Amino acid sequence: MEKFGAWRDKVSGVGPFLPRTKPESTIATIGRWIFGICKLTIFVLIMIQSWINLLISYYFPIHFIGRFYTRAHSFITYYLVMILFGEYWTSIVPTPLVKRLVDEKWSKPGSGDVIFTHLTSYINLLWLQFKLSPVFAIPVDEEHCVVCGIHNIMITILRHKNLREGSLVRIEKVIADARKYKRGPVVFLCEGAPTNSEGILKFQPFKAKLPEDTKIQVLGFVRPFTGLSPNYTAGNGLVHLIKNLGHIYVSCTVLVALDADVGLPKDDLINPEFVEKMRTVLSRLTKLPTVDIDANAYLSFVEEYYKSKDRAKKFD
């Protein structure tokens, strides 16, 4: 994979976009294909039904009722989705950046609260939809972001397209509307591109004045695996989905940074320095290095990845 050296971090040597695999037995591989194909139809039907219900929720005249309908639907629907992926239980662990005893439970963020996390496996996004029914926001400059629903973001990742393309919305408006209309917390995916969970990309900095009493959380996901990695960056999206659905059981731990380690921005104003601090907190939380690579590099990596595949086929 040295031909992809241009997409390795010069300091850590991490290649954040290279597809990862680990050894597994032939029997396990065959079994995953069988189970995955059997589950695929159920998964597609559930996602279609979920999309229809999401459209219905837009027509509720009272925001509170619409939010209740969305949460109830997401809780049931996406719990079934998590079961399809073999994830029956997810450990949520409040984790200090400096090792010490902690007796603290996760406090769920409310509508309009802000979450920073990394963009690794699309299964993480499905879990967030199950647990929080959030608004997914991908910052594109210091004032604007692209807002994505779970269906759009899943399709975009599996087709390895640009997540930062779409209608631009002011970040402050996204946060304010999420609180006003009870749309759930806002999850900022500041990397702007998926990674293989070996490093954390540069965050897109932004500025935003937060409503009073807005909470900020940093979440990190840890997913042990054998065989195919749950993190998808390049390859065949359908094959990756089928193999992930083929799991009978998988484990996942969600690490939550403590409020004392996250802190709050001065005067409730998120600025580029605070965004970079959140990246550092996420790095220390997950024990993943920060890399000097951004979302633009992902697009050029994908292009070169498929060109190399085509060249290999011609050579064969």
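Here are the numbers for this structure:
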quantity: Any hit, segment 136-143, residues being of a type in the set (D, E, K, R), touching a helix residue (DSSP H, G or I) at 6+ places or on another chain (Cβ under 9 Å) and on the phi > 0 side of the Ramachandran plot; calculated: no
quantity: Answer from Ser91, Ser50, Ser74, Ser57 - the residue that is in contact with a Cys (Cβ under 8 Å, 6 or more places away or on another chain), at negative phi and of a type in the set (Gly, Ala, Ser); calculated: Ser91
quantity: Residue selected from segment 206-224 under the condition touching a Ser or Thr at 6+ places or on another chain (Cβ under 9 Å) and either at pLDDT below 95 or surrounded by fewer than 21 Cβ atoms within 10 Å (Cβ to Cβ) (or both), by the criterion farthest from Arg32 (Cα to Cα); calculated: Lys215
quantity: Residue match in segment 93-102 (condition: surrounded by fewer than 19 Cβ atoms within 10 Å (Cβ to Cβ) and not in a loop (DSSP other than H, G, I, E, B)); calculated: yes
quantity: So Lys3, is it of a type in the set (Lys, Arg), modelled with pLDDT under 95, part of a loop (DSSP other than H, G, I, E, B) and within 25 Å of Ser197 (Cα to Cα); calculated: no
quantity: Residue match in segment 215-238 (condition: in a helix (DSSP H, G or I) and either of a type outside the set (Gly, Ala, Ser) or in contact (Cβ under 8 Å) with a residue 12 or more places away in the chain (or both)); calculated: yes
quantity: Cross-chain or 6+ apart pairs with Cβ under 8 Å, segment 264-290 first and farther than 14 Å from Thr95 by Cα, then assigned to a helix (DSSP H, G or I) and β-branched (Val, Ile, Thr); calculated: Met278/Val262; Thr290/Thr280
quantity: Residue in segment 246-266 that is surrounded by 18 or more Cβ atoms within 10 Å (Cβ to Cβ) and assigned to a helix (DSSP H, G or I) present; calculated: yes
quantity: Total residues in segment 176-205, condition surrounded by 23 or more Cβ atoms within 10 Å (Cβ to Cβ), within 13 Å of the chain's Cα centre (by Cα) and either of a type in the set (S, T, N, Q) or assigned to a helix (DSSP H, G or I) (or both); calculated: 2
quantity: Single residue of segment 267-284 satisfying the filter (out of contact with any Phe, Trp or Tyr (no Cβ under 7 Å at 6 or more places or on another chain) and of a type in the set (Asp, Glu)) that is surrounded by the most Cβ atoms within 10 Å (Cβ to Cβ); calculated: Asp268
quantity: Residues located in segment 266-278, provided they are out of contact with any Asp or Glu (no Cβ under 9 Å at 6 or more places or on another chain) and closer than 25 Å to Lys108 by Cβ; calculated: Leu269, Ile270, Phe274, Val275, Lys277, Met278
quantity: Verdict on Lys173 being assigned to a loop (DSSP other than H, G, I, E, B) and more than 21 Å from Asn53 (Cα to Cα); calculated: no
quantity: Some residue of segment 13-32 being small (Gly, Ala, Ser) and within 26 Å of Ile200 (Cβ to Cβ); calculated: yes
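The values are calculated or read from the model by the stated rules, or taken from the named source; none is laboratory data. Note that the structure is a prediction, hence the values are computed from the model and not measured. Ideal geometry is used to build each Cβ from the backbone, glycine not excepted, and the neighbour counts take in all protein chains shown.
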